[in-house]
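Quick notes on the structure that follows.
Please treat every number below as a calculation from the coordinates, not as lab data. Keep in mind it's a predicted model, so treat the numbers as computed, not measured. Virtual Cβ from ideal backbone geometry, glycine too; neighbours counted across all protein chains shown.
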Amino acid sequence: MYKNLHFKIILIFVIFTIVLMTAISAVLLTNAYNFYSNDFLDEMETSFSDGSSLVAELSEAMNGAGFSSKQSEILRAYSGMLGISKYRNYYILDTSGKMLDGSDATLGAALEVTPNMLSAISGQVGDKTQFWTSYMDYAYPMSVDGNECIIYIKDSQEEARNFAEMIFQITVQAIFFGMLVAIVLSFFLAKAIVSPISELTSSARRIAEGEFSEEVKVNSNDEIGTLSLTFNHMKNVLKSTLDEISGERQKFETLFLYLNDAVLAFDSHGKLMHINKTAKKLFGLEGENDDGAMSFSRMMRILQIDYHEVSQKYRENRNYVISDIIFEGKALDVTFAEFRYVQGESESTGIMCVIHDNTGRYELDKSRREFVADVSHELRTPLTSIKGAVETVLEYPDLDAESRDGFLKMAVEECDRMTRIVSELLVLSRLDNNRTAWKIETFDISQFCRRICDVMTVDALNHGHTLVCNCDDAIPQVEGDREKLQQVMINIVANSVKYTPDGGKITLEAHGEADSVLLTVTDNGVGIPEEDLPRVFERFYRVEKSRTSDAGGTGLGLAIAKEIVDAHGGQIWIESKVGEGTKISVKLPYVTKLSVNPGMETTGIIIK
Ligand code: ADP
């Protein structure tokens with residue numbers, strides 16, 4: 001309370017009033033005393049001036065013995081002029097200061113010797129005023145015909161004191177009322193000053209809490225009004241700046257949160273400052289309190305990055321990238337970048353790590369490399385066989401005709417195989433580059449199934465298989481490249497024929513669904529191990545390579561089938577159990593997505 005402005009203003013007013021009143025009363029008192037003493041002196045000097053009637057009469061009375069009683073008579077007669085009262089007395093003294101006669105015998109008997117009295121004893125008029133005394137006096141020496149006396153007038157100043165007392169009482173009352181008025185006035189003044197300041201303070205507090213809605217009221221044109229106006233302006237500028245900053249920040253946070261790249265920011269001590277969703281997912285920190293466990297060194301350990309190598313490279317270049325870090329089957333590019341941040345009063349430098357999942361590109365590069373290796377391998381095998389066969393025939397001219405034919409036949413078969421591989425690769429290449437010409441037509445699916453069975457019957461019979469064709473009657477017509485889809489299904493049935501021991505059963509079925517037809521080829525053949533199932537649609541992938549190449553497979557048939565079915569907007573999948581058999585399903589929409597843009601027409605697809 002003692003520190004607030006309101007109290008201070010009231011206190012200043014009260015002190016000011018007391019000081020002012022006290023000063024006024026002091027001046028009044030001094031002047032009153034001066035007036036009294038000057039008035040006393042004036043009266044005395046007038047009465048006792050040379051040639052005055054009083055002096056003449058007093059001098060005349062001194063011409064005989066017992067003059068003091070005569071003089072006393074005269075002075076009593078002049079008491080009006082001399083202002084004689086109960087507070088002011090006259091005395092006739094001898095030259096030693098002893099009273100001869102006077103207006104108050106009691107007081108006169110106890111008269112003290114004063115400086116003015118001493119002056120008169122020495123023959124001078126005693127008319128000096130002493131400020132520190134409680135009386136005023138005047139001593140007039142007289143000497144006539146050898147008679148000497150001193151006329152001594154003494155005023156007890158009682159009247160002045162009564163007057164001063166009255167002034168003092170008035171002053172006290174004035175101070176009291178002045179103080180009341182000062183308190184009331186200062187209260188209103190303080191209110192006028194403090195209210196806008198309090199309003200500004202609470203507004204500033206609201207701004208600090210982030211609330212910008214209310215304006216400070218401007219009630220006057222004075223400095224406080226200007227301050228309120230300036231404050232409102234400052235608040236508006238601050239609000240728009242904050243809005244701008246928070247907008248930018250929100251944009252950044254959204255970007256940071258939903259960025260597909262993992263982002264982690266570490267402070268100068270390697271402690272985690274920020275982490276986004278992708279990074280949490282990458283490092284399995286999705287629990288509420290998991291973030292605390294992450295640090296820069298831990299991240300480096302998890303990603304198996306050489307800390308010293310990075311710090312050396314980072315020192316040379318403040319933006320350093322490490323590519324193809326393999327972590328949990330993903331290929332990651334990690335970028336280290338420096339950033340500055342303010343902590344407390346000081347500025348520090350942290351490290352921002354942006355982790356980009358490059359698995360797609362990495363896998364593509366890898367599969368390209370593997371593909372080239374596979375192609376080379378697939379072509380080298382028949383070439384080696386051809387070379388071996390031809391060399392044998394050349395080296396041994398005496399070879400019997402049967403053996404020589406056998407070698408030459410083998411060379412021709414290997415050439416066919418190579419031709420098949422190259423043709424299938426060409427088909428795949430066209431499909432990859434969208435250069436395949438599609439011949440879109442609408443066809444009947446039961447006719448389509450019958451045709452496949454007709455084509456495959458001879459092959460199936462050669463292996464002693466039973467080929468069953470089950471096709472729903474009421475399947476709507478299907479749109480697509482009939483020839484290529486036929487080749488896909490022939491390839492699938494041919495696989496069943498190949499990978500089913502002689503005397504097996506192969507069933508081709510077709511069922512109509514709401515917006516597509518489901519074609520399935522089921523056999524009771526060797527089946528495919530579970531771990532190989534996800535890979536059978538990859539190029540050159542064969543289960544037990546030796547077994548399948550004996551069967552004349554290239555490992556490209558299902559890859560091509562998948563590309564063709566996908567291009568139609570359909571699906572292909574495989575279910576199999578080793579020793580029990582395999583089921584391959586193809587789902588084709590009645591309306592193919594190829595009808596939108598069938599492309600150029602070229603030669604058909606070659607399928608073994
Ligand atoms: P291939 O020319 O080798 O037959 P595919 O791409 O047609 O190539 O098939 C890939 C591999 O999938 C085959 O090598 C074979 O191991 C396996 N496979 C495909 N169909 C069957 C099936 N019906 N039964 C058993 N294995 C099969």
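Summary of values
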item: Order of 438, 132 - criterion: other Cβ atoms within 10 Å of each residue's Cβ, fewest first; result: 132, 438
item: Nearby aspartates and glutamates by direct alpha-carbon distance to residue 251 (threshold 14 angstrom, same-chain neighbours under 8 apart not counted); result: 243
item: Ranked list, fewest to most other Cβ atoms within 10 Å of each Cβ, for 184, 14; result: 184, 14
item: Percentage relative contact order, region 29-160, counting C-alpha pairs under 8 Å, at least six apart; result: 24
item: Over region 440-595, relative contact order from alpha-carbon pairs under 8 Å, at least 6 apart, %; result: 25
item: Average Cα contact separation per residue, the chain, under 8 Å, 6 or more apart, as relative contact order %; result: 8
item: Unit charges on C-beta of K, R, D, E only; dipole of region 130-259, Debye; result: 780
item: Cα-based reach from residue 313 at 22 Å (exclusive), listing lysines while leaving out same-chain residues under 8 positions away; result: 271
item: Using distinct alpha-carbon pairs, which all enter the 1/r mean, Kirkwood radius of the chain in Å; result: 38.8
item: Cα centroid of region 286-333 to Cα centroid of region 466-498, whole Å; result: 52
item: Antiparallel DSSP beta bridges within the chain, as percent of all bridges there, nearest 5; result: 90
item: For region 150-189 versus region 28-68, the gap between their alpha-carbon centres in whole angstrom; result: 31
item: Radius 12 Å from Cβ of residue 86, net charge of other residues (Lys, Arg +1; Asp, Glu -1); result: -3
item: Greater than 26 Å apart at Cα, pairs in 330/498; 498/562; 86/128; 562/583; 191/217; result: 330/498
item: Sites matching trypsin sites (Lys or Arg not before Pro) across region 116-177 that sit in DSSP coil, with at most 12 neighbouring C-beta atoms within 10 Å; result: none
